[in-house]
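S.K.: Okay, handing you the structure first.
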Amino acid sequence: MVTWYTFFVIDIATRAVTIAGSTPNPDDDFMKQVARNLTDCVDGFLRKKRFLILDRDGKFSEAFRGVLENHGIRMVLCPARAPNCNAFAERFVRSIKSECLSRMIFIGSGSLRYALAEYVAHYNAERNHPGIGNVLIEPVEAVGGATGRVVNRRRLGGLLSYYHRLAA
């Protein structure tokens, strides 16, 4: 058994999630690379953001924080022992565990990364979110038509399903 650590970020306004990286050993080099990826000038998640809410985990090293500060990202630390202070992240963790991770057995890093990518694609494009009016975050196609055949898009062997109408 190997414990893997997955670093993810959420845009609180839209609820969009991005997996920044997964590793069994979140050392300083890994965390610096995650920070560089998040602040990339072309497609970094934090490219147009000013704040990043962090808990007080020791994995957020000085080097990690330095990369973010150099790109103008201000870090806001949650109070100690206050999980409700970062409720959006806690809710995402609960969702991904109950809907995906605790229902699978992973054989190597590739299967874990594939499952994470598929779940995030489902979460962002196919899963309704009550907190933002029960809409899809990033729908890939027009949804909610009144006519057309209903089809099922399945991910992870049917573990995640999304029903939608085809265009008429």
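S.K.: Within segment 11-27, is there a residue that is part of a loop (DSSP other than H, G, I, E, B), of a type in the set (A, V, I, L, M, F, W, C), more than 24 Å from Leu136 (Cα to Cα) and out of contact with any Lys or Arg (no Cβ under 8 Å at 6 or more places or on another chain)?
M.R.: Scanning segment 11-27 turns up no residue that is part of a loop (DSSP other than H, G, I, E, B), of a type in the set (A, V, I, L, M, F, W, C), more than 24 Å from Leu136 (Cα to Cα) and out of contact with any Lys or Arg (no Cβ under 8 Å at 6 or more places or on another chain).
S.K.: Residue under question is Arg15, and the condition is that it be in contact (Cβ under 8 Å) with a residue 12 or more places away in the chain, among the basic types (Lys, Arg), under 27 Å from Asn134 (Cα atoms) and touching a helix residue (DSSP H, G or I) at 6+ places or on another chain (Cβ under 8 Å); does it hold?
M.R.: Yes; evaluated as a whole, the condition is true for this residue.
S.K.: So, in segment 93-115, of the ones that are assigned to a helix (DSSP H, G or I) and touching a helix residue (DSSP H, G or I) at 6+ places or on another chain (Cβ under 8 Å), which residue ends up nearest to Leu159 (Cα to Cα)?
M.R.: In this case the residue turns out to be Glu99.
S.K.: Consider Arg94 carefully, then state whether it is within 23 Å of His129 (Cα to Cα), of a type in the set (Lys, Arg) and at pLDDT 90 or above.
M.R.: yes
S.K.: Continuing with this model, one more query. Collect the residues in segment 102-126 that are surrounded by 17 or more Cβ atoms within 10 Å (Cβ to Cβ) and farther than 15 Å from Thr18 by Cβ, keeping them in residue-number order.
M.R.: Hits for segment 102-126 are Leu112, Ala115, Glu126.
S.K.: Which is of a type outside the set (A, V, I, L, M), in a loop (DSSP other than H, G, I, E, B) and more than 23 Å from Pro79 (Cα to Cα), of Lys48, Lys59?
M.R.: Being of a type outside the set (A, V, I, L, M), in a loop (DSSP other than H, G, I, E, B) and more than 23 Å from Pro79 (Cα to Cα) holds for just one of Lys48, Lys59, which is Lys48.
Per-residue answers, yes or no, for (1) of a type in the set (Phe, Trp, Tyr); (2) surrounded by 13 or more Cβ atoms within 10 Å (Cβ to Cβ); (3) over 16 Å from the mean Cα position of the chain (by Cα):
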| position | (1), (2), (3) |
| --- | --- |
| Cys41 | no, no, yes |
| Gly44 | no, yes, no |
| Leu52 | no, yes, no |
| Lys59 | no, yes, yes |
| Gly66 | no, no, yes |
| Asn70 | no, no, yes |
| Met75 | no, yes, yes |
| Phe92 | yes, yes, no |
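S.K.: In addition: Please indicate, with yes or no, whether at least one residue in segment 6-17 is under 14 Å from Arg113 (Cβ atoms), in contact with a Gly (Cβ under 7 Å, 6 or more places away or on another chain) and modelled with pLDDT of 90 or more.
M.R.: yes
The values are calculated or read from the model by the stated rules, or taken from the named source; none is laboratory data. Bear in mind that the values here come from a model prediction, so they are computed numbers and not experimental data. Every residue, glycine as well, gets a Cβ built from its backbone with ideal geometry; the counts of neighbours run over all protein chains shown.
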